[in-house]
Amino acid sequence: MAKKEIYLDHAATTYVRQEVLDAMLPCMTDIYGNPSSLHSFGQRARKALEAARASVAASLHARPEEIFFTSGGTESDNWALRGVAAAQGSKGRHIITSKIEHPAVLNTAKDLEKAGFRVTYLDVDADGVVNVDQLKEALTPDTILVSIMAANNEIGTIQPIEELGRIVKAGSKAAFHVDAVQAVGAIEVNLEKWKDVDLLSLSGHKFYGPKGVGVLFIRKGTRIGPMITGGSQERKKRAGTENVPGSVGFAKALELAVAEMPEESRRLAELRDYLIDRVLTEIKGSRLNGHRTKRLPGNANFSFDYIEGEGLLMYMSMRGVAASTGSACSSASLEPSHVLLAIGLKHETAHGSFRATLGKTTTKEDIDYTVEALKDVVNMLREMSPLYDEMKGAERQCTVKK
Ligand SMILES: Cc1ncc(COP(=O)(O)O)c(C=O)c1O
């Protein structure tokens, strides 16, 4: 088969689509004023920024004054946790999150522990779904924040956000933060339906928008301190001259992602299921990580017995397939995935996952090519693996004994 180049790492990042670039370009050349300036240059930039805010609000079924532009998902997550801790720390010292959150939440929670907050890390089941009973039990009058992601970046499992929100509000006065960085554009994110969600993090580069721009939705009435102090931008909550081109690009990308979501998610889910079925039936000793159906339409995450993830990725990359072992941030490290450990995989298996995340450019031919390449590479790596040799030896002995 001729070598191709196939990008199956859309959960790590996406390209900027042309319509988004077209919307952004004038904000770098003609509309370059500072939105805080009172002259016409500034006012044109202010108008573009506020139109972007209104558009984001409409896409999410929120109000413009609840939309705050940030530098991305990491900042939004940090702000949600640290901002609530700062504003409500005198009211309570307990925070709840889950064991499979993105490091932007987990490491921030760990930092808050050092500052004297108590953090409960909820377990997940073997599919990666948060334990609802444990959440009910964990809520106390001291709980000020619950932070649970809408969909996991590694294994794609989708959480029952409406149900979790109801439980949080029935059992406490805590604010409910949702990291929806992977969810938006893939599943419906509607803040009228998710009425118990007080804070929501988004990141532009996950849905064909620019990198380095995100949003924190802050529902009216939520008590949260600023994270970046300085000038009075973003209603004195997030200082710094606004990223007008980024915000305009974010809004355009979100508008398109939300409009195209029903059709595109159906298409991706079909391709995903085709990939999953072929891998599970054609590659012996493979398993799917994450929920079989309650998963992001573009996400497939596999483990292969006797295979080490980094080697697999490298050889797949040599065959032209760009995939990942987990989150982009941890795939360069040799630490096992905290998500795979949380769903009960053994240490050695948690090292060896293969995440393929599909997107706009993905075709059925890409999937066919990927499966054939995977079959070859898995076979080759197993032939090289001493563990696999031992296993085959043991199998042979069993056959002889019989
Ligand atoms: C679930 C989740 N949260 C947060 C982030 C961080 O977003 P950003 O790259 O915009 O900082 C990511 C990025 O991979 C993510 O997948």
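Okay, here's what the table says:
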item	result
Residues whose placed amide H lies under 5 Å from that of Ile228, excluding near-sequence neighbours	Ala239
The chain: calculated mean residue ellipticity at 222 nm from DSSP helix runs of at least 4, using -39500 (n - 2.57)	-14000 deg cm²/dmol
Inter-label distance, nm, simple model (7 Å from Cα along the C-beta direction), His347/Arg267	4.5 nm
Protection proxy ranking of 15-24, 92-101, 75-84 - average other beta-carbon atoms within 10 Å, highest first	75-84, 92-101, 15-24
DSSP-loop GluC sites (Glu not before Pro) across segment 131-214, with at most 11 other Cβ within 10 angstrom	Glu192
Relative contact order (%) - segment 18-257, alpha-carbon pairs under 8 angstrom, separation at least six	27 percent
Where labels lie 7 Å past Cα in the beta-carbon direction, separation of Thr13 and Ala87 in nm	3.1 nm
Cβ charges +1 (Lys, Arg) and -1 (Asp, Glu), total dipole of the chain, debye	920 debye
Förster radius 51 Å - calculated FRET efficiency between Glu50 and Glu365, Cβ distance, rounded to 0.05	0.70
Additional length obtainable on full extension of the chain from Glu372 to Thr29, 0.36 nm per residue less Cα span	118.8 nm
Residues Thr357, Thr349 arranged by fewest to most Cβ contacts within 10 Å	Thr349, Thr357
Unit charges at the beta carbon, dipole of segment 18-257: most positive-side option, Val105, Phe41, Gln134	Phe41
Whole-angstrom gap from segment 68-134 to segment 180-226, using each part's C-alpha centre	15 Å
Segment 221-330: trypsin sites (Lys or Arg not before Pro) in DSSP coil with no more than 16 other Cβ atoms inside 10 Å	Arg223, Lys284, Arg292, Lys294
FRET efficiency for Thr281 and Asp133, using Cβ-Cβ distance with R0 set to 41 Å, rounded to 0.05	0.70
Angle in degrees between helix 309-318 and the longest Cα principal axis of the chain, rounded to the nearest 10	90 degrees
Anisotropy class of segment 18-257 from Cα gyration tensor, a/c 1.5 cut	prolate
Unit charges at the beta carbon, dipole of segment 18-257: most positive-side option, Val178, Phe207, Gly89	Gly89
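Only the coordinates and a few stated rules stand behind these numbers; no lab work does. Keep in mind that what you see is a predicted model, and the values were worked out from it rather than measured. Neighbour counts are summed over all protein chains in view; Cβ atoms, including those assigned to glycine, are modelled from backbone coordinates with ideal geometry.
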